[in-house]
1. Among strands (runs of 3 or more DSSP E) lying entirely in the range 100-160, which contain 3 or more residues that are among the hydrophobic types (A, V, I, L, M, F, W, C)?
2. Looking only at the range 319-331, decide whether some residue is crowded, with 21+ Cβ neighbours inside 10 Å, part of a strand (DSSP E or B) and aromatic (Phe, Trp, Tyr).
3. Among 99, 90, 103, which is the only one that is under 30 Å from residue 131 (Cα atoms) and in contact with a strand residue (DSSP E or B) (Cβ under 6 Å, 6 or more places away or on another chain)?
4. Checking the conditions here, which among 201, 221 is assigned to a loop (DSSP other than H, G, I, E, B) and surrounded by fewer than 16 Cβ atoms within 10 Å (Cβ to Cβ)?
5. Return a yes/no flag: does the range 186-195 have any residue that is in contact with a strand residue (DSSP E or B) (Cβ under 8 Å, 6 or more places away or on another chain), farther than 23 Å from residue 112 by Cβ and among the hydroxyl-bearing types (Ser, Thr, Tyr).
6. Has the range 64-73 got at least one residue that is buried (at least 16 other Cβ atoms within 10 Å of the Cβ), in a helix (DSSP H, G or I) and over 26 Å from the mean Cα position of the chain (by Cα)?
7. Please enumerate the residues belonging to the range 85-103 that are surrounded by 13 or more Cβ atoms within 10 Å (Cβ to Cβ) and polar (S, T, N, Q).
8. Answer with yes or no whether residue 245 is of a type outside the set (Phe, Trp, Tyr), free of Cβ contacts under 8 Å to residues at least 12 places away in the same chain and in a helix (DSSP H, G or I).
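Quick note: the coordinates plus some simple rules give every number you see, no bench work behind them. Here the structure is a predicted model, which means the values were calculated and not measured. Cβ sites come from the backbone with ideal geometry, for glycine too, and all protein chains shown count toward neighbours.
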Amino acid sequence: MVLEITSDSKNQELVRFGNYFLGILNDLKRRPEDAAKELNVSLEEIMDIINGRKEISSEIIIRAAKAWPVNLRDFYLMKDDCPDGVKIMRAEDSAKSSRIMERGGLPYYEYRDTAVSSISLFRPEWIEELCIVDDNDPNNPAVQWNNGHFMHQFTYFIGDVNYYYRGPDGQKKVAVMNTGDSVYGTPFRPHSFATRKNAKENGLILALTYGNQLAGDAQQELSVLGERLGMSYWLDFSSREKSFGSLLNFHRRCASLSFEEITKRTGIDKDRLIQFENGLEIPSFEIINSLAVSMNVNSRDLLPPDAIEDKVIVQYYKESPNWYYPESIKAYKIVELCHSKNLPFSKAFEFSILKNNDDELDLEVGLHQYVYNVGNENIQFNWRIENSVKHDDLKPGDSVYIKPNIPHSFRGGGKLMVLRIAGRIAGDAQRELSCLEQNDANRAISETSMWFDPQGKD
């Protein structure tokens, strides 16, 4: 049989699944006729699925999960809820999602949804602080603490808000925050917020929680491994020395290399290697490179963090770096908000819009973006999807999600809070994709070929 892959369906979601399904068959080394036989369906139905003419049924998915080493979730594609490249949520729609959260028997927060997409790892919320405190005591009994949550959290403050958190030694602390101040907190850090007494109005925060590399498939894999096996992946990053030692030990064991063998390959004394693994010393980059070569890994795989950061990072607006962008036309004044070096693909900014209307799309970012109009003016939002340039106004309180690599711009006046985060492609996944030839990368994105030609052609 000659397999001819076509995409004659007008339903792009079906076409996308057909490409994906063909990729699964290629990975499992199944021809369409093999899949038809093993799943007890006709070859015609398998071809209709591959060619995007028919949706795969739940019965076939269940049979596949029983017959093959795959999971049910492998057959459910991420939906595209942003066919225009962006998703806007109006302030009035955000208000309709309002819900009051009580703590300690009293109203504590008002939550509202803001722009979010199923494509990204954002879980952003607008939160009004209903609890009012009359001091800055971190032990104020009116403050109700949470237990922390899985996701990373960037917080942008509007108004007079106290931020309560636990310091490195577990003691309760408070940061007195004002408009423009920001905070980053690692997962599972207990915290709370409250409005300070005599504020003109209740304080607000944009609590922008988001997943990173641990979210999704990684978390699923850890749950399958269980606590004992999963915790074997946890390395001691309490200091730069210990982090290097942990990385060295992990890669050495993965390669089944003894200290003696590494000594033969590098000339580095065994006792010194043991010192490295015990977290007593960080070697020079030259030695790190030699060790990487000996274990057939990249030097970056052995590099410890540049600095050991606090689990909570507080940044005050007045201390934040600022600059103009692009330098040639100064369309924006950008203020850099709180960030963590451990999340290099997470970046937060405040944009002041300085340029009036024009057709130039001067922003294009390879990260998922969340944008909130924190000012008092309407802002013109321009973007291009495919070959069409679109326009919309972002009113105060409106928010928008923007897909990666969408050319866009903001014009008029006003002020925006912008958070950019990695999706599932940044970091190691991007490096892996980039190690492929360009045509092969295209196939990784959309598979349209069998892994071999049944006719035996090149």
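1. So the answer is 122-129, 152-158.
2. no
3. Every option except 99 fails the conditions.
4. Residue meeting the stated conditions: 201.
5. For the range 186-195, residues in contact with a strand residue (DSSP E or B) (Cβ under 8 Å, 6 or more places away or on another chain), farther than 23 Å from residue 112 by Cβ and among the hydroxyl-bearing types (Ser, Thr, Tyr): present.
6. The answer is yes, given that some residue of the range 64-73 is buried (at least 16 other Cβ atoms within 10 Å of the Cβ), in a helix (DSSP H, G or I) and over 26 Å from the mean Cα position of the chain (by Cα).
7. The answer is 94, 97.
8. no
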